[in-house]
Amino acid sequence: VQLQASGGGLVQSGGSLRLSCVASGNIARVYVMGWYREAPGKQRELVALIDNSGRTTYAESVKGRFTVSGDNTKNTVFLQMNNLKPEDTADYYCHEAQGVMTFWGQGTLVTVSS
């Protein structure tokens, strides 16, 4: 499975960005896709996940501000990020899990200026 992420950029505090991730290759019927992020000097952390049934999981720090969604027909997952804060600045990584196998896309940088 290959994951191609896009949509990062520079935005002012309070602004919005939308990340996209397209999966290609051997896509399973049962999977979990979503986003992690890694800020400078910090460990990679969960941001939001969605499974093939549409169930979602969010980090507490982004609840109410970020929305993860998916388009199964296009093997794409989105992350709508609203009311961005400087602490959201990080490399955002697309992730997919199929059973015990995990896949990562390249990071897309999100920078939020104060």
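Could you list, in sequence order, all residues of the range 83-103 that are buried (at least 17 other Cβ atoms within 10 Å of the Cβ) and within 20 Å of Val11 (Cβ to Cβ)?
If the condition is that a residue be buried (at least 17 other Cβ atoms within 10 Å of the Cβ) and within 20 Å of Val11 (Cβ to Cβ), then Leu84, Asp88, Thr89, Ala90, Asp91, Tyr92, Tyr93, Cys94 are the ones that fit.
For the range 53-64, does any single residue satisfy the condition of being open to solvent by 20 Å² or more (accessible area, probe 1.4 Å), assigned to a loop (DSSP other than H, G, I, E, B) and polar (S, T, N, Q)?
yes
Which residues, counting only those in the range 26-44, are of a type outside the set (Lys, Arg), farther than 17 Å from Gly70 by Cα and in contact with a strand residue (DSSP E or B) (Cβ under 7 Å, 6 or more places away or on another chain)?
Within the range 26-44, Glu38, Ala39 qualify.
What is the residue count in the range 65-82 for residues that are open to solvent by 30 Å² or more (accessible area, probe 1.4 Å) and either in contact with a Phe, Trp or Tyr (Cβ under 9 Å, 6 or more places away or on another chain) or at negative phi (or both)?
Filtering the range 65-82 down to residues open to solvent by 30 Å² or more (accessible area, probe 1.4 Å) leaves 67, 69-75, 78, 80, 82.
From what's left, either in contact with a Phe, Trp or Tyr (Cβ under 9 Å, 6 or more places away or on another chain) or at negative phi (or both): 67, 69-74, 78, 80, 82.
Residues meeting the conditions: 10.
Starting from residues that are of a type in the set (Ser, Thr, Tyr) and more than 15 Å from Glu38 (Cβ to Cβ), keep the ones in the range 79-114 and report whichever is farthest from the chain's Cα centre (by Cα). Give the derivation first.
At the first step, the residues of the range 79-114 found to be of a type in the set (Ser, Thr, Tyr) are 89, 92-93, 102, 108, 111, 113-114.
Checking the rest, the ones that are also more than 15 Å from Glu38 (Cβ to Cβ) come to 102, 113-114.
Details: Thr102: 14, Ser113: 20, Ser114: 22 Å.
Result: Ser114.
State the number of residues belonging to the range 21-48 that are closer than 24 Å to Pro86 by Cβ and open to solvent by 30 Å² or more (accessible area, probe 1.4 Å).
The initial filter retains those residues of the range 21-48 that are closer than 24 Å to Pro86 by Cβ, namely 21, 34-48.
Among the residues that remain, those that are also open to solvent by 30 Å² or more (accessible area, probe 1.4 Å) are: 36, 38, 40-46.
So the count comes out to 9.
Show the residue pairs meeting these rules: Cβ distance below 9 Å; 6+ apart or different chains; first residue within the range 43-63 and at pLDDT below 95; second residue aromatic (Phe, Trp, Tyr).
Listed pairs, sorted by first residue: Asp51/Tyr31; Asn52/Tyr31.
Give the residues of the range 65-80 that are touching a strand residue (DSSP E or B) at 6+ places or on another chain (Cβ under 6 Å), in a strand (DSSP E or B) and within 18 Å of Gln4 (Cα to Cα), sorted by residue number.
Filtering the range 65-80 for residues touching a strand residue (DSSP E or B) at 6+ places or on another chain (Cβ under 6 Å) gives 66-70, 75-80.
Filter again for in a strand (DSSP E or B), leaving 66-70, 76-80.
If the condition is that a residue be touching a strand residue (DSSP E or B) at 6+ places or on another chain (Cβ under 6 Å), in a strand (DSSP E or B) and within 18 Å of Gln4 (Cα to Cα), then Val68, Ser69, Gly70, Thr76, Val77, Phe78, Leu79, Gln80 are the ones that fit.
The values are calculated or read from the model by the stated rules, or taken from the named source; none is laboratory data. None of the values given here were measured: they were computed from a predicted structure. Positions of Cβ are generated from backbone atoms using ideal geometry, with glycine treated the same way; all protein chains shown enter the neighbour counts. Heads up: the accessible areas ignore ligands, DNA and RNA and are worked out on the full protein's heavy atoms, side chains in. Shrake-Rupley method; radii C 1.70, N 1.55, O 1.52, S 1.80 Å.
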